[in-house]
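The values are calculated or read from the model by the stated rules, or taken from the named source; none is laboratory data. From a predicted model like this one, the values you see are computed outputs, not experimental measurements. Cβ coordinates were reconstructed from backbone atoms using ideal geometry, including for glycine residues, and neighbour counts include every protein chain displayed.
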Amino acid sequence: MIQATPGPTADALRAAGAAQRHRRALVILGDAAARRAGGAATLAGACLWLGDDPPLGVPALPVARAAAALGRAFDTVVLDLSRGLRPDALGAVSGALRAGGLLVLLDAPRPAWARDSAAPQGPAPAGARLARRLARILSASPACTILHLAAAADAGPARPAERAALPAQPAPRAPAEPTADQATAIAAIERLVLGRARRPVVLTADRGRGKSAALGIAVGRRLAERPLQVVVTGPSAAAVAPVLEHAARILGVDAPVGGPVHGPGGGTLRYLPAGELCQRPVAADLVLVDEAATLPVPLLAQLLDRSPRIGFSTTIHGYEGTGRGFALRFCAHLDARTPGWRAVTLHTPVRYAAGDPVEAALSQALCLAADAASDDAVMRGLAGPNAPTLCRLDRGTLAQDDPTLGALFGLLVNAHYRTTPSDLGRLLDDDGQRIYAVQQAGHLLGAAWIAEEGGLSPALTEAIARGERRPGGHLIPAALSVHLGLTQAPRLRGWRVVRIAVHPAARRQGLGRALLDHIAQDAAAAGADLLGSSFGASADLLGFWGALGLQPVRLGVQPSKSAGERSALVLRPLSAAGATLYDAARAQLSDELPHAAAGPLADLPIPLLCALGGRAGPGEGPRPADLAIARACCAGHRGLDGSVAPVWRLTWWALRRPAVWSALPPAQATVLARRVLQRWPWPAVATAAGLSGRRATEQAARAGLEAILAATL
């Protein structure tokens, strides 16, 4: 430990960092009073205090609201870790620290911070693995200094915490010229307005490279010239606020909190949720999607199809969520839909110089740059003589094994559209979490993250059923109780698959099924009743889970506002009690889906409706009289609208049989699904099917019914 005083130490660290345009970190250990006094002594320049009991007049936030610092720049950030490490907060505020700045971490004294200690530290206690990992990596970094302060004198009773408000805009400083990377990005966005349509631009970069600033500067310049209507969307209004602030700065106007920015000629830049953009027509000359990696690929695809002029921006590694899943999946979609799209990557940091040691240390600790094994390495492993092995990974060992943890987290990141440092914290530290892996020749081929749920007390189970409690960490049991009325579901024990991933080079080898079967065996042996998962529903994902033996039991009726997707819940029974509940849930889906399709699910995409229908069980078949009435409709002797129930039963019978439904020509399937099952008006049905007029649409419906009738023989 280094014995020193915080003020002079902080000044020396700032001077050393400023000489290289880098940042530095300072860890202050001691009792609560000593930590607070030490943190206060480091404050200089534009400051931010995150934690309890900030000094008077210092802008401060609760640690849970660290994201509110996004878009602002500080010279000193003090983060109190004594109540536990919040990895998203650490990632967010570190990005708000500029060159010459100091990141101050306040923590109680722990052996983990003893850089000069050669003694083994032993396994980290439950709930502290990520904190121990952070301590190990920062203690080894030349950018970090550790101070151990003696106990402070008793200052009397603690006063209530007082927080000064954050500045409405980033701390004042002369605006810097855009970097060369930013200038390229700005020019690419500006050309979106005047160039050819259907030529999207995709900006990608690590954190702190000025993507949002480039979007705002480009829009501000164009609004100064033309009365354009520009919409920016993203995971939330707060997340895209820097875009509006930079545009307002270019225009020399104020940026109202959450409100639009107006140009001199009547143009506007405004925020709209992504789901709203996909649900109704919006007049916009340009649509920008900031932090696109936080939105599901199907939603991004809808935005792409609806917007002739659109730009996307996303972080590749960062607390906002990783963009590599975006890069792997959405860019392939761009290749197919808009082959003229342009990629622009920003490499140069804006607030500090490249090679910043604080960025490097935090990136390592929080696995921000974690990546799966290379395709070549995995292919070599698969070609080896040894068979893949299935195992459960020890989380304590994993937290200290950088290569394995990086490969695991990288694999999970690449398979999911949004992953943040808080996921790493839950994976390592939350009780009831398990990690399983498929390994071969030292390489990670697949992994699954499991959360144990249920097994709740009778009193808590009843409180959930009454809507009085919704305990965290029990997603599936609570959903079954609240939404399906299966009030005893929380008593049962279940394992939920939080994430599952197989390396792209090892897919179609049966590894995913083998991994899930291994997990199911362990779950059953541990007394679990159910194996399940919950995810944003799509036809492809339902097919994926169905192939692994998990069938749908519920689809949420309301799409999320940010993602525009409905949540699906899938289950696989593991015990007699689990089978009873599973059968009841499946029966409810089979009964409810036909009615919901004409109500709250009337806007459901047809492929998803078919996937649900095909996996919801056979249901009631057409009656003998239905067939006769349908034949009369096909011959033109009866009208379709006068034969609603028989035609509906026959159509629903076909939808639940994928072989029958998939044989229908697309126009016929669209007309029957939209008109008969989802009860769309005839004009809307004709538009959806690409047909001209009601007569042609009715002819397509009769032709589809004839094909279905032939399949009943």
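The numbered conditions (1) crowded, with 21+ Cβ neighbours inside 10 Å; (2) among the small types (Gly, Ala, Ser); (3) under 15 Å from Ala710 (Cα atoms) are all true for Ala663 except (1).
Within the range 658-705, the set of residues being over 18 Å from Asp641 (Cβ atoms) and of a type outside the set (Val, Ile, Thr) comprises Pro658, Ala659, Trp661, Ser662, Ala663, Leu664, Pro665, Pro666, Ala667, Ala669, Gly690, Ser692.
Of the residues making up the range 502-518, those that are buried (at least 19 other Cβ atoms within 10 Å of the Cβ) and in contact with a strand residue (DSSP E or B) (Cβ under 6 Å, 6 or more places away or on another chain) number 6. Checked against the criterion of being closer than 30 Å to Arg21 by Cβ and either part of a strand (DSSP E or B) or in contact (Cβ under 8 Å) with a residue 12 or more places away in the chain (or both), the candidates Leu424, Leu408, Leu390 yield just one match: Leu424.
Each row is one residue, and each column tells you yes or no for (1) assigned to a loop (DSSP other than H, G, I, E, B); (2) buried (at least 22 other Cβ atoms within 10 Å of the Cβ); (3) in contact with a Phe, Trp or Tyr (Cβ under 8 Å, 6 or more places away or on another chain).
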{"position": "Val243", "(1), (2), (3)": "no, yes, no"}
{"position": "Val257", "(1), (2), (3)": "yes, no, no"}
{"position": "Gly266", "(1), (2), (3)": "yes, no, no"}
{"position": "Gly275", "(1), (2), (3)": "no, no, no"}
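Residue-level check: of (1) in contact with an Asp or Glu (Cβ under 6 Å, 6 or more places away or on another chain); (2) assigned by TED's automatic domain parsing to the domain that holds Val685, Trp648 misses just (1). Scanning the range 339-370 for residues that are over 22 Å from Lys211 (Cα atoms) and either of a type in the set (Lys, Arg) or not in a helix (DSSP H, G or I) (or both) returns a single hit, Pro339.
Considering Gly473, Gly467, which residue is at pLDDT below 95 and either assigned to a strand (DSSP E or B) or closer than 30 Å to Leu444 by Cβ (or both)? So that I can check it myself, show each step before the final result.
Values: Gly467 fails: either assigned to a strand (DSSP E or B) or closer than 30 Å to Leu444 by Cβ (or both).
Only one candidate passes the filter, namely Gly473.
For the range 194-219, the set of residues classified as surrounded by fewer than 17 Cβ atoms within 10 Å (Cβ to Cβ) and part of a helix (DSSP H, G or I) consists of Leu194 only.
The condition of being at pLDDT 95 or above, crowded, with 20+ Cβ neighbours inside 10 Å and assigned to a helix (DSSP H, G or I) holds for only one of Leu542, Leu581, Leu593, that being Leu581. Does the range 172-181 include one or more residues that are buried (at least 22 other Cβ atoms within 10 Å of the Cβ), in contact with a strand residue (DSSP E or B) (Cβ under 8 Å, 6 or more places away or on another chain) and not basic (Lys, Arg)? No, that holds for no residue. Here Ala710 passes the criteria (1) out of contact with any Gly (no Cβ under 9 Å at 6 or more places or on another chain); (2) among the small types (Gly, Ala, Ser); (3) part of a helix (DSSP H, G or I); (4) within 24 Å of Leu593 (Cβ to Cβ) except the one numbered (4).
Name the pairs: first residue in the range 67-78 and not assigned by TED's automatic domain parsing to the domain that holds Ala213, second residue among the aromatic types (Phe, Trp, Tyr) and surrounded by 21 or more Cβ atoms within 10 Å (Cβ to Cβ), Cβ to Cβ under 7 Å, at least 6 apart or on different chains? Cβ pairs passing all conditions: Val78/Trp49.
Do the conditions hold for Gly195, that is, is it within 14 Å of Leu286 (Cα to Cα) and not hydroxyl-bearing (Ser, Thr, Tyr)? Yes: the conditions hold for Gly195. The residues of the range 222-241 that are surrounded by fewer than 18 Cβ atoms within 10 Å (Cβ to Cβ) and not polar (S, T, N, Q), listed by number, are Ala224, Glu225, Arg226, Pro227, Ala237, Ala238.
Every residue, every condition in (1) farther than 24 Å from Glu592 by Cβ; (2) in contact with a Lys or Arg (Cβ under 8 Å, 6 or more places away or on another chain); (3) touching a residue at least 60 places away in the same chain (Cβ under 8 Å); (4) buried (at least 17 other Cβ atoms within 10 Å of the Cβ), yes or no:
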position	(1), (2), (3), (4)
Pro624	yes, no, no, no
Cys633	yes, yes, yes, yes
Val647	no, no, no, yes
Trp652	no, no, no, yes
Arg656	no, no, no, yes
Gln668	yes, no, no, yes
Arg674	no, no, yes, yes
Ala701	yes, yes, yes, yes
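Of note, Arg679 does not satisfy the criterion of being surrounded by fewer than 20 Cβ atoms within 10 Å (Cβ to Cβ), under 43 Å from the mean Cα position of the chain (by Cα), of a type outside the set (A, V, I, L, M) and not in a loop (DSSP other than H, G, I, E, B).
Scan the range 441-456 and tell me whether some residue there is aromatic (Phe, Trp, Tyr), touching a residue at least 40 places away in the same chain (Cβ under 8 Å) and assigned to a strand (DSSP E or B). Checking the range 441-456: at least one residue is aromatic (Phe, Trp, Tyr), touching a residue at least 40 places away in the same chain (Cβ under 8 Å) and assigned to a strand (DSSP E or B).
Which ranges mark the helices (runs of 4 or more DSSP H) fully within the range 602-668 that have 1 or more residues being of a type in the set (Gly, Ala, Ser) and under 25 Å from Leu550 (Cα atoms)? Steps first, answer last, please.
Details: elements: 606-614, 624-634, 644-655, 658-661.
Once the helices (runs of 4 or more DSSP H) in the range 602-668 are filtered for at least 1 residues that are of a type in the set (Gly, Ala, Ser) and under 25 Å from Leu550 (Cα atoms), what remains is 606-614, 644-655, 658-661.
Filtered by the rule that a residue be among the hydrophobic types (A, V, I, L, M, F, W, C) and either out of contact with any strand residue (DSSP E or B) (no Cβ under 9 Å at 6 or more places or on another chain) or modelled with pLDDT under 90 (or both), the range 189-219 gives Val193, Leu194, Ala197, Ala205, Ala213, Ile217. Among the residues here, Leu492 qualifies as buried (at least 21 other Cβ atoms within 10 Å of the Cβ) and in the same structural domain as Val413 (by TED's automatic domain parsing). Could you please let me know if Arg380 is of a type in the set (Lys, Arg), part of a helix (DSSP H, G or I), surrounded by fewer than 19 Cβ atoms within 10 Å (Cβ to Cβ) and in the same structural domain as Ala526 (by TED's automatic domain parsing)? Yes.
Which is surrounded by fewer than 20 Cβ atoms within 10 Å (Cβ to Cβ) and in a helix (DSSP H, G or I), of Gln558, Gln521? Going through Gln558, Gln521 in turn, just one is surrounded by fewer than 20 Cβ atoms within 10 Å (Cβ to Cβ) and in a helix (DSSP H, G or I): Gln521.
Does Gly536 satisfy being in contact with a strand residue (DSSP E or B) (Cβ under 8 Å, 6 or more places away or on another chain) and at positive phi?
Values: in contact with a strand residue (DSSP E or B) (Cβ under 8 Å, 6 or more places away or on another chain): yes; at positive phi: no.
In short, no.
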